[in-house]
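Enquirer: One structure coming up, written as C-alpha cells, with questions to follow.
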Amino acid sequence: MRTRNLALFAALLLAGSGFARGQEETSAGNPAESRGPAQSEVSSSPDKASAYYHFCLGHIYEEMATVYGRSEFFDQAAEEYKLAIASDPSSTYLASILAELYAKGGRIRDAVLAAQDIINRDPSNLDAHRLLGRIYLRSLGDMQPGKQSSDVLSRALEQYEEIVKLDAGSVDDHLVLGRLYRLSNQTEKAENEFKAALKLQPYSEEAVITLAYLYNEEGNSAEAGALLSGIPDSDRSSRLYSALGYTYEQQKNAKQAIQAYSKAVELDPDNLDAIRGLAENLVSDDQMDAALVQYKSLVEADPQDAQNYLRIAEIYRRTGRLDDALDALKKAQNYVEDSLEVPYHMAVIYAAQGRFDDAIRILQDLIQKSEKPEGTYSASGRNNQALFLERLGGVYRDEGKFPEAIATFRKMLSLGEDSESRGYQEIVDTFKDARQWAEATAAAQEAVAKLPNDRHLKLTLAAQLADMGEENKALAMAKALLQNKSDDREVYISLAEMTSRLKRFKEAEDYIAKADQLAGPPDEKQFVMFVWGDILERQKKFDAAESMFRKVLAEDARNAPVLNYLGYMLADRGVRVQEALGYIKTALEIEPQNGAYLDSLGWAYFKLGDFAQAEENLRHASERMSKDPTVQDHLAEVYAKTGRLKLATMHWEQAIEEWNRSVPAEVDETDFRRVQKELESAKAALAKQQPERKAEAAKP
C-alpha cells in the first residue's frame, strides 16, 4: 500500500511541474493524439516531458529498491527508465542511468550491453566508460585467477586507458589504471601512471603509498624509502607510516620498521595492519614479550582470526613455554576447519616436548590427507606434502629411528623440484647422524647424478668426499662452482668448512674471509661469523672464537647454535662456567629437545660439581644422540666420578666404538687417547675390586 502511495504522490508532484505543462500544451495542440504520460508508442521527436515523468518514477522505484532490497522495485525502475528512453532515445544521460541501475541490481550483462551501446553512439562519453570500467573492476574482484579473469583485466585496462585519455586530470583514474597495469605485470606503465597522479597532486597520500609499494615489489626498497621519507612528518598519516614500516621491513631493518609501525599505531590504534606489522618486526628483533602484547591486542580486535593464535603459539614455542603454545594452537583450531597448519604446528610442539609418538601420529595423518597420485599435486599441495614428510623424517631421526627416517625422506624425492633436493640432503644428514659414512657418500653421489645442476648437492658431495679422504677431488669439485658472483658466498663457506675439518686452517680462514666480503643481509653475516668462530675454536684460539660468537649475539641475542657453542666452549675449559650455564639454558629454551644442547648443559653441571643434574641431562642427551662418542664420554665421566665404574666402562667402550666408526675429521685424537687411558684405568680398578668383593663376601 505504501509503495502505491509513493507512486501516486510522485505523479501528483509531477502534475504541477513544468513537465505537466509541456504535456498539456501537446494535448491542446492535438487533442485526438493525447495519451497521457504512459503512452506506449514512441514519438518521432523527443518527448522531454514524458521522459522526465518516467525518469522520476524510475528514480522513486530505484530508491525503494535500495531501501527495501526487493528485486521487483528494481524491475519496475528499469521499466520506467526504458519508457523514459523511449520518449527521448537520443539521451545518453538516461541510457547511463539505466546502465547504472543494471549494475547496481547485479544484472551485469545488461549493464555492460547498455554501457557499450552508449559508447557506440558516443565514444567520448566519459560516464559510460567509467561505468563499464567499474563493472569490470567489480567482476575482477569476484573472480579466481585464470583465463576469464585475464580477459576481464584486459577489458578493464581498455576502459581506463580511454578514461585517462578523456580526462587526464583525474588523480583517481591514474591510480586505478596504474593498479591494473601492476596486476598485469606491466610495472613500467604502472609506475608512469602513479607518477602522473603525483604530478597532478604532489602530496597525494594514495599516490605516494601506491608507488612506494610498487617500488618494494620490484625490490627497490631504497627508492620506496626515499619517496615516503620525502613527506614531512607533520603530513604523515597512520597509513603512510605503515607503508614506511613495510619498506624498512623489506630492507631487513627491523628496528626502524618497529619505529615506523609504532608511530602508525599511535596515530590510529585501530590500524590492524600496522599492529600486525609491528608485532612481526618485534619478533624479528627478538622482542618476544612486546610482540606478544601486540598479538594479544589483535586477538581482542578479532577473536576469530586463527593466524593470531598461531603467531602467539610460535612466540611461546621460541621462548620455551610449550604448554602455553599448545593452548594457543587449540584456540586456533576452534576457528578453522580442516586446517593443515594448526595440527602441523601442534606436531612441532609435541616433538619439542619429546612426545614423539603424538607428533608422529599427527604428521602421518597430515601426510595421508595431503597425499595425491603423482602429477596431480598443486604447487601448494606439493610443498605441504614435502614439509610434512620432512618434519616426520626429522622426528624419526631425533628418536634414533634412522631406517624410518631414511624411508620417509625418500618419499620426498618423487615430489620433484626443491623437495627432491631437500630430500636428498636430509638422507645424507641422516646417514651421517647414524655414522654410516659410506652410505652418506653414496646418497650424495646418487643425488648429484639425479640433479646435476644442483650446486648445493654438489657441495654436499664434495664435503663427503673430503671426509672420506679424497680431499683434492673434493676441493677441486667445490672450486669449480665459483663463478665470481655474489652467490659464491655459499661455495666459500663450504670450502672453509672442508679445509677446517681437514685441519688446513690458514686456507679455511682465507675462504671464510672471502665469504664475509660477499655476505649481505644480517643473517648471512651472522652465519659467516658462526663458521669463523668454529674455525678459530678448532685451532684453540678461544678468545678470538668467543669474540666472533659475541658479535653474532650482539645482533641476535637468541641465536641458539651460537649460545650453545659459546656456553660449551667456556664450560669445557672450566672458564666462567656459571655464565656458560646461562647461555646453554637459553639455547634450550629455544630448542628444548636438542640433544647437543642437553649434552652441553649436562657437561656444564659436571664442571660445577652438580653430578645429579649432570647425569639427568646427559642421559637425555644420550637418548637423543646415542651414537655420539662425546656424549658417551661425558656420561662415562659422571659415572666414574660417582663411583659407578662398571657403567663408566660401558659408556667409554661405546665412545671408542663410535670413534672407530668415524671419519678422521670427527675424531679429536687428544680426547680419543684420554678416553683409552681412562677406560684402561677403569677396567684395572674393576679387576682389582673383584677379589676384594669376593673376600668381603666370604667373611662370616
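Enquirer: Quick one: what pairs do we get from the range 110-136, first residue within 13 Å of Asp167 (Cα to Cα), second at pLDDT 85 or above and among the polar types (S, T, N, Q), C-beta under 7 Å, 6+ apart or different chains?
Expert: His129/Gln159
Enquirer: Which pairs do you get when a residue that is within 16 Å of Ser421 (Cα to Cα), found in the range 375-402, comes within reach of a residue that is in a helix (DSSP H, G or I) and among the polar types (S, T, N, Q), reach meaning Cβ atoms under 6 angstrom, with the pair 6+ apart or on two chains?
Expert: Asn384/Ser370; Gln385/Ser370; Ala386/Ser419; Leu389/Thr408; Gly393/Thr408
Table: residues versus (1) among the hydrophobic types (A, V, I, L, M, F, W, C); (2) surrounded by fewer than 21 Cβ atoms within 10 Å (Cβ to Cβ); (3) closer than 28 Å to Glu161 by Cα; (4) touching a Pro at 6+ places or on another chain (Cβ under 7 Å).
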| site | (1), (2), (3), (4) |
| --- | --- |
| Arg182 | no, yes, yes, no |
| Asn220 | no, yes, yes, no |
| Asp233 | no, yes, no, no |
| Gln250 | no, yes, no, no |
| Tyr261 | no, no, no, no |
| Gly277 | no, no, no, no |
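Residue by residue, here is whether (1) surrounded by 17 or more Cβ atoms within 10 Å (Cβ to Cβ); (2) part of a helix (DSSP H, G or I); (3) of a type outside the set (Lys, Arg); (4) modelled with pLDDT of 95 or more holds:
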| residue | (1), (2), (3), (4) |
| --- | --- |
| Val265 | yes, yes, yes, yes |
| Leu310 | yes, yes, yes, yes |
| Arg317 | yes, yes, no, no |
| Ala351 | yes, yes, yes, no |
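Enquirer: From the residues in the range 171-215 that are in a loop (DSSP other than H, G, I, E, B) and in contact (Cβ under 8 Å) with a residue 24 or more places away in the chain, which one is farthest from the chain's Cα centre (by Cα)?
Expert: Applying the filter and picking the extreme gives Gln201.
Enquirer: Go through the range 450-501 and count every residue that is among the charged types (D, E, K, R) and not in a helix (DSSP H, G or I).
Expert: Summing the residues that are among the charged types (D, E, K, R) and not in a helix (DSSP H, G or I) in the range 450-501 gives 3.
Enquirer: May I pose another question? Being under 24 Å from Val152 (Cα atoms) and not polar (S, T, N, Q) is true for just one of Tyr215, Tyr181. Which residue is that?
Expert: Of Tyr215, Tyr181, the one residue that is under 24 Å from Val152 (Cα atoms) and not polar (S, T, N, Q) is Tyr181.
Enquirer: Would you confirm, using the coordinates I've provided, whether Ala407 is modelled with pLDDT of 95 or more, surrounded by 16 or more Cβ atoms within 10 Å (Cβ to Cβ) and either in contact with an Asp or Glu (Cβ under 7 Å, 6 or more places away or on another chain) or in a helix (DSSP H, G or I) (or both)?
Expert: No, not satisfied.
Enquirer: If I ask for residues that are within 17 Å of Arg550 (Cβ to Cβ) and surrounded by 19 or more Cβ atoms within 10 Å (Cβ to Cβ), which ones from the range 513-525 would you list?
Expert: Listed by number, the list is empty, since nothing qualifies.
Enquirer: Find all pairs meeting these conditions: Cβ atoms under 7 angstrom apart; at least six residues apart or on different chains; first residue within the range 450-461 and under 14 Å from Leu482 (Cα atoms); second residue surrounded by 23 or more Cβ atoms within 10 Å (Cβ to Cβ) and at pLDDT 95 or above.
Expert: Leu459/Ala478; Leu459/Val491; Leu459/Ser494
Enquirer: A further question on this structure: Regarding Leu282, is this residue crowded, with 17+ Cβ neighbours inside 10 Å and either farther than 30 Å from Lys263 by Cβ or in contact with a Cys (Cβ under 8 Å, 6 or more places away or on another chain) (or both)?
Expert: Values: crowded, with 17+ Cβ neighbours inside 10 Å: yes; either farther than 30 Å from Lys263 by Cβ or in contact with a Cys (Cβ under 8 Å, 6 or more places away or on another chain) (or both): no.
Here the answer is no, as Leu282 does not meet what is asked.
Enquirer: Run down Leu481, Leu461, Leu465 and say which single residue is in contact with a Lys or Arg (Cβ under 9 Å, 6 or more places away or on another chain), within 19 Å of Trp437 (Cα to Cα) and not β-branched (Val, Ile, Thr).
Expert: Only one candidate qualifies: Leu465.
Enquirer: Looking at the range 267-286 only, could you name the residues that are of a type in the set (Gly, Ala, Ser) and modelled with pLDDT under 95?
Expert: Once the filter is applied, which keeps residues that are of a type in the set (Gly, Ala, Ser) and modelled with pLDDT under 95, the range 267-286 yields only Ser284.
Enquirer: Further question on the same structure: Pick from the range 622-639 the residues that are modelled with pLDDT of 95 or more and of a type in the set (A, V, I, L, M): which of them is farthest from Ala687 (Cα to Cα)?
Expert: Step by step, filter the range 622-639, then rank; the result is Val631.
Enquirer: Return the pair list, or none, for Cβ contacts closer than 7 Å from residues in the range 47-72 that are over 24 Å from Asp88 (Cα atoms) to residues that are of a type in the set (A, V, I, L, M), at least 6 apart or on different chains.
Expert: Close Cβ pairs satisfying both conditions: Met64/Leu6; Ala65/Ala77.
Enquirer: Evaluate the following for Pro303: is it modelled with pLDDT of 95 or more, surrounded by fewer than 19 Cβ atoms within 10 Å (Cβ to Cβ) and either touching a strand residue (DSSP E or B) at 6+ places or on another chain (Cβ under 8 Å) or farther than 21 Å from Arg391 by Cα (or both)?
Expert: No.
Enquirer: Here's a follow-up. Of everything in the range 224-258 that's part of a helix (DSSP H, G or I) and charged (D, E, K, R), which residue is farthest from Ala212 (Cα to Cα)?
Expert: Of the residues in the range 224-258, the ones part of a helix (DSSP H, G or I) are 224-229, 233-235, 238-250, 254-258.
Narrowing further to those that are charged (D, E, K, R): 233, 235, 239, 249, 255.
Numbers: Asp233: 17, Asp235: 16, Arg239: 12, Glu249: 13, Lys255: 20 Å.
Out of the qualifying residues, it is Lys255.
Enquirer: Taking the range 539-561 on its own, how many of its residues are more than 21 Å from Thr319 (Cβ to Cβ) and touching a Phe, Trp or Tyr at 6+ places or on another chain (Cβ under 7 Å)?
Expert: Residues flagged as more than 21 Å from Thr319 (Cβ to Cβ) and touching a Phe, Trp or Tyr at 6+ places or on another chain (Cβ under 7 Å) within the range 539-561 amount to 3.
The values are calculated or read from the model by the stated rules, or taken from the named source; none is laboratory data. Just so you know, these numbers come straight off a predicted model, no measurement behind them. Neighbour counts run over all protein chains shown; Cβ positions are idealised from the backbone, glycine included.
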